[in-house]
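Enquirer: This structure is in structure tokens; I'll ask about it shortly.
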Amino acid sequence: MKKLSKRRHDQNLTKTRFEHFSTEIFFEIFDYLTGNEIYKSFFGLNRRFNELICNTANIHLNLSRTTTKFHRKIDRIFPKKNIASISILYKNAQLLKTLFNPIDGCRLRSFSILNVPLCGFEMSIPETLNTFKYQLNRLEIDFSDMCYTGTGARAAQSFAYLLTELPVLKNLALNYREGIDPITYMSSAVINNTITNLTLTLYDANRLAPLLYRFEQLIILNIHFPKNILKRGLMRREATEYYRNSLSEKTSTGYPMKIRHINIYNCFMLLDRVDQLFKFISSPSLVTVNLFNCKLPVARSPMRRQELPFIDGTHWHDLLAKYFSSSVKLKLLHIEYPYVGATMSVTSLAHVNEKLMNYNRLASSWSIHCSYNQEKNLLVFGFLSA
């Protein structure tokens, strides 16, 4: 009984209650949570937790899914100097004026604004961002429409503001489900020399050439093509045509690019489409190119079980040889697309890999393999530089 009592006593001595953890451990935990989650889980438990929350640095606030009640409490929960990141709906953007002002020690580095109508982008985005312009490192804008006013010049002015008036901006993302193409028509003099990571949703790959030369320090490019391609009307107002034709944009990639990593989503796997795309993105500095979740062309009849995936053809290897020659530093080309047949067997996969090596015309410098993602029903092709 004495031994058992001593063991229980020793166990009680080694137990530590959650609230007795060190301050450093709680700050580590808070790093994985949004400000909303920290408030909901810890605020009001006791005085120590309230002080910990008040002294937590680099808080991210997601104000796109919160209530007005939480908005009113932000001021007394989180010091403004500790708020590093905010996500907010455009309709609630006026909250920023009550949260921040130029006199406060604002250190907001990341800002996401959602459901932005293009008229709002034209009229108020520069004013909204002006308070944070000297510390904003990351900016994401999700649009709700692309209905510009007039010729589109006003939208271009707001786009130009993002590129020329935010001196420390490194990461920019502009998204709209059907592409942001209408706002990309800007004066050829608009050049950015700070952004290194760019994410865009584009409808037309031809808009890449007039866009990419504007980003002189770009290293990572992420392109999202619309998941559902809708046929667009060709009718445009005469004033809009005149405005766009007067810009003298560059239409070729005959300029130096520093891009090292390119990720492309929802690309159509048609030889001419990929040829066109590679024409815009090929660069001597490229290291990796990833084509994620590519879309197959509509087939009139189902692919026969014994038929090889179409990327195995010699034309595809000729295309790779054309754009990824010895003068390019490319180390990895990754392509994945849905497999339209039944579940691929191990035997079939080995057969595909064998055919790939037979077709390979880059054998001296490239190794090629094919794998099958059964969970997502994707064929994955990897082209690795030796």
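Enquirer: Not counting ligands, DNA or RNA, and with a 1.4 Å probe, what is LYS250's accessible surface area in Å² rounded to the nearest 10?
Expert: 90
Enquirer: Once you list every other residue whose beta carbon is under 12 Å from the beta carbon of LEU218, what net charge do they have if Lys and Arg are +1 and Asp and Glu are -1?
Expert: +3
Enquirer: LEU286's amide H: which non-local residues (gap 5+, or another chain) put their own amide H closer than 5 Å, with H modeled 1.01 Å from N in plane and none for Pro or chain starts?
Expert: LYS329
Enquirer: Beyond 26 Å, what share of the Cα-Cα pairs of the range 96-241 is found? Please give it as a whole percent.
Expert: When all Cα pairs of the range 96-241 are counted, 22 percent exceed 26 Å.
Enquirer: Need one value: the accessible area of ASP204 in square angstrom, 1.4 angstrom probe, rounded to the nearest 10.
Expert: About 60 Å², ignoring ligands and nucleic acids.
Enquirer: Run the numbers for HIS20 and GLN276: contour at 0.36 nm per residue of separation, minus the present Cα-Cα distance, in nm.
Expert: 86.1 nm
Enquirer: Leaving ligands and nucleic acids out of the surface, order ARG109, ARG48 by accessible area at 1.4 Å, largest first.
Expert: Largest accessible area first, the residues go ARG109, ARG48.
Enquirer: Under a 1.4 angstrom probe, counting protein chains only, how are LEU114, LEU221 ranked by accessible area, largest first?
Expert: Correct descending sequence by accessible area is LEU114, LEU221.
Enquirer: For a quick check: with amide H placed at 1.01 Å from N, whose amide H comes under 5 Å from ASN222's, ignoring anything fewer than 5 positions away on the same chain?
Expert: LEU198, THR199, LEU200, ASN263
Enquirer: Then there is this: Once you've got the Cα coordinates, tell me which of LYS258/LYS322; LYS97/LYS227; LYS227/LYS376; LYS331/LYS355; LYS133/LYS250; LYS227/LYS279 are over 26 Å apart.
Expert: Long pairs (Cα-Cα over 26 Å): LYS97/LYS227; LYS133/LYS250.
Enquirer: For the pair ILE220 and VAL190, what calculated FRET efficiency results from E = 1/(1 + (r/R0)^6), where r is the Cβ-Cβ distance and R0 = 22 Å, to the nearest 0.05?
Expert: With a Förster radius of 22 Å, E is 0.60.
Enquirer: Ignoring ligands and nucleic acids, what accessible area does ILE368 show with a 1.4 Å probe (Å², nearest 10)?
Expert: ILE368 has an accessible surface of roughly 10 Å² with all protein chains in place.
Enquirer: Taking H placed 1.01 Å from N in the peptide plane, check which residues at least 5 places from ASN192 or on another chain put their amide H under 5 Å from its amide H.
Expert: PHE215, GLU216
Enquirer: Using only the heavy atoms of the protein chains and a 1.4 Å probe, how would ASP145, ASP318, ASP272, ASP181 rank by accessible area, largest first?
Expert: Order by accessible area, largest first: ASP272, ASP318, ASP145, ASP181.
Enquirer: Express in nm, to one decimal, how much length is gained between ASN82 and GLN135 on full extension, taking 0.36 nm for each residue of separation and deducting their alpha carbon distance.
Expert: Length gained between ASN82 and GLN135: 17.8 nm.
The values are calculated or read from the model by the stated rules, or taken from the named source; none is laboratory data. Computed from a prediction, not measured in an experiment: that's the story for all the values here. Reconstructed Cβ throughout: ideal geometry from the backbone, glycine too, with neighbour counts over all protein chains shown. Surface areas here come from the heavy atoms of the whole protein model, side chains and all, with no ligands, DNA or RNA. Shrake-Rupley method; radii C 1.70, N 1.55, O 1.52, S 1.80 Å.
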